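One structure is given here, and the rest of the page talks about it.
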Amino acid sequence: MAYLIDGNNLLGHISAYALKDKGGRASLIGRLLSFQRMTGKRIHLVFDGRPPGDETRIEVNSKFTILYPEPGGNADLLIKERIGNQNDKRHFFVVTTDRDLRDFAKAHGVKSLTCLEFNRELKKVLREYGREKEMEKTFTFPSPLEVNLWKDVFRDKKR
């Protein structure tokens, strides 16, 4: 299964502030990377406005790619191009709230999810990921020295 995500659209849906924040993209990439690792699903994330010096295609790992349009292009055209070139459309989803892109995807036999629908799935997976991480934590009992040190700390506070 693969997702072709309209990055600016999803980012704006999650938080209008995040669109203007320099760390907004990095935060979204981090969340999607955790999602990708948990689910094993392929992600193609498309952003408008390539940062200076960045390539138009950045492979984060073998299943996670960030794409930027060529100078003068835009993300919507790049998404449409990717939809048109998609061979296996059964397990391919476009994530956008842009009606034009959703209609284009439908016309080409590709399923789409709104940003709201995808964000629900993203939150659910990340919440489950957090629970798994919590279960992996191990508890170690403090040593007798640590216990005595803490006793001294609290004894001093009572005075």
**Request:** May I ask you to list pairs of residues, at least six apart or on different chains, whose Cβ atoms are under 9 Å apart, with the first in the stretch 25-40 being free of Cβ contacts under 8 Å to residues at least 40 places away in the same chain and the second being of a type in the set (S, T, N, Q) and in a helix (DSSP H, G or I)?
**Result:** Arg25/Asn8
**Item:** Residue in the stretch 50-73 that is farthest from Ala2 (Cα to Cα), counting only those that are touching a Pro at 6+ places or on another chain (Cβ under 9 Å) and not polar (S, T, N, Q)
**Value:** Arg50
**Prompt:** Filtering the stretch 30-46 down to residues that are in contact with a strand residue (DSSP E or B) (Cβ under 7 Å, 6 or more places away or on another chain), among the hydrophobic types (A, V, I, L, M, F, W, C) and not in a strand (DSSP E or B), which residue is surrounded by the most Cβ atoms within 10 Å (Cβ to Cβ)?
**Reply:** Leu32
**Message:** With the requirement that a residue be modelled with pLDDT of 90 or more and among the polar types (S, T, N, Q), what does the stretch 1-33 give you?
**Reply:** Asn8, Asn9
**Asked** Are there any pairs with C-beta distances below 6 angstrom linking a residue in the stretch 45-72 that is modelled with pLDDT under 90 to a residue that is among the aromatic types (Phe, Trp, Tyr), with the two at least 6 apart or on different chains, and if so which?
**Response** Arg50/Tyr68; Thr56/Tyr68
**Request:** Tell me which residues, restricted to the stretch 81-104, are at pLDDT 95 or above and either aliphatic (A, V, I, L, M) or surrounded by fewer than 16 Cβ atoms within 10 Å (Cβ to Cβ) (or both).
**Result:** Val94, Val95, Arg99, Asp100, Leu101, Asp103
**Asked** Do you know which of the residues in the stretch 128-155 that are outside any helix (DSSP H, G or I) and at pLDDT below 70 is nearest to the chain's Cα centre (by Cα)?
**Response** Lys137
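The values are calculated or read from the model by the stated rules, or taken from the named source; none is laboratory data. Note that the structure is a prediction, hence the values are computed from the model and not measured. Glycine also receives a Cβ, built like all others from the backbone with ideal geometry; neighbour counts cover every protein chain displayed.
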